[in-house]
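Structure first, commentary second.
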Amino acid sequence: MQFTIAVLSTLLATASGFAFSPAAKASTSALKASEFSDPGFCAGLPGALAPVGQFDPLNFLDGADDNKIRRFREAELTHGRVAMLAFVGFLVGEKVEGSSFLFDSQITGPAINHFAQVPQPFWEILVLTIGASEVYRAQVGWVSPADLQGEDKFALRPEYIPGDIGFDPLNLRPEDPEELEIMQTKELQHGRLAMLATAGFVAQELTDGQGIMQHLGM
């Protein structure tokens, strides 16, 4: 029961970054998109939030042109989305281990060891799925290297918004530009937090060999 509540809370918190209920719209209507971006920082992309603001301690943006900045954002969004899935996967994977729900009770132990125990053809399906997704993303957002001249062979399409590959099966994307920027910022924040949390999960399990669910007493 505790686990069910924890997972539901996590999913609801994540969903809040994408869905706008009438009450949420009323509360965010007073917010301005300028609160979530800085026109003079990171090519004006969303994600510059107080109190951190222009956070670039390693100076990755120094001398970076618009294309390179948008590539950085594309990478950040992609890693953040994978980390959000991994965070939920850690908890769910460890909770259902040993049950007949998945892989006929063959998967046990900490989540960092689960991949090594997965039987075929899981790997083949996973590789094909990832490959198809990456090819589609490249076709939507990237200019073909054959069409580029000069040294830079990695360029995003000028009209492409980093992370926006047109995948919105639940029609959560708002029409209002300011609400869209708020939603984009929430996704970034969830992704950044998930990257830190997932890295913490991995470090903890490598340190003592115990699963996260064991530490949570679930």
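The values are calculated or read from the model by the stated rules, or taken from the named source; none is laboratory data. Model, not experiment: these values are computed from the prediction. Cβ: placed from backbone, ideal geometry, glycine included. Neighbour counts: every protein chain shown. Quick note on the areas: whole protein, heavy atoms, side chains included, nothing else; ligands and nucleic acids left out. Shrake-Rupley method; radii C 1.70, N 1.55, O 1.52, S 1.80 Å.
If you sort T78, T108 by accessible surface, 1.4 Å probe, largest first, the order is T108, T78. Annotation: S133 carries an accessible surface of approximately 60 Å², with a 1.4 Å probe and no ligand, DNA or RNA atoms counted.
Across every pair of non-identical alpha carbons in the stretch 84-218, the mean reciprocal distance, once inverted, gives a Kirkwood radius of 18.3 Å.
As a rough guide to protection, the peptides 70-77, 50-57 ranked by mean Cβ packing within 10 Å, highest first, stand as 70-77, 50-57.
Legend: residues H215, H190, sorted from most to least accessible area (1.4 Å probe; ligands, DNA and RNA excluded), read H215, H190.
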